[in-house]
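Report on the following structure.
What follows draws every value from the coordinates through simple rules; no lab data is involved. The structure presented is a predicted model; accordingly, all values stated were derived computationally and were not measured. Counting neighbours? That spans all protein chains shown, and the Cβs are built from the backbone with ideal geometry, glycine included.
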Amino acid sequence: MLWKILLPVLIAVSIIAGVVYWQNNKTAKQTPQASQSPATQPQTQTYSNAKYGYSVNYPGTWEIQTFPDTQTGANFFLKDSGGNFESTIATIAVQAKPGNAYDIPFAQYVKTAASQEIQGYGKLDSIKEVKTASGLIGYETRWIVQSPPMLDDNGNLAKLTTSTSLPITYFEIPGDNKNTLQVTLADNQYEDAYNNMLQTVAFTK
């Protein structure tokens, strides 16, 4: 007769256990999982140029190599990359304008700047206005670049090819019509970082 007493109890316990399991499982499915926090972004560092009075922020994973002789700016590299020319990511530097550009409006000057200042650079391919966080207006430009003359395997002049340059962004230096501040991208893998840098360019004096 004992089994007649225990059977209802066992059935009731089984039902209760099943309900508890179902409720817990349902709650687990409905409970939103805590979203993973994004990886901490590396802090930025600041390069300041005392001679010309400007500054720019750059990623904490980069390092700089300044131009000690001219004190015009710096190259940027990944840390531990060796700091050679081939590993340059970007450059910021003050550059002299050609004499015929001293007195023309800055927005007009930038439309021919690289074609006058860099060998192999031809006509302007594109230009867009850039506004920094400090309100400074710059002009991001790209240029048609012609390959240098080369001889083919037969000693004949090879066909010249053209390409589009990586961006060069020009900023007017307050009170200085003989120079311009230029920020140049050298590695297209870092264009997002370059655009972020442009937003931080500021004149400090």
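Worth pointing out:
- Applying the Karplus relation 6.51 cos²θ - 1.76 cosθ + 1.60 with θ = phi - 60° to the stretch 161-168 yields 3J(HN,Hα) values of 10, 10, 8, 9, 6, 6, x, 10 Hz, where x marks Gly and Pro.
- Cα gyration tensor shape for the stretch 44-203, rounded if a/c is under 1.5, else prolate or oblate: oblate
- Value of relative contact order over the stretch 116-205, rounded to a whole percent, pairs C-alpha under 8 Å and six or more apart: 26 percent
- Simple point charges give the picture: +1 on the Cβ of Lys and Arg, -1 on the Cβ of Asp and Glu, and for the stretch 44-203 a dipole about the Cα centre of about 420 debye.
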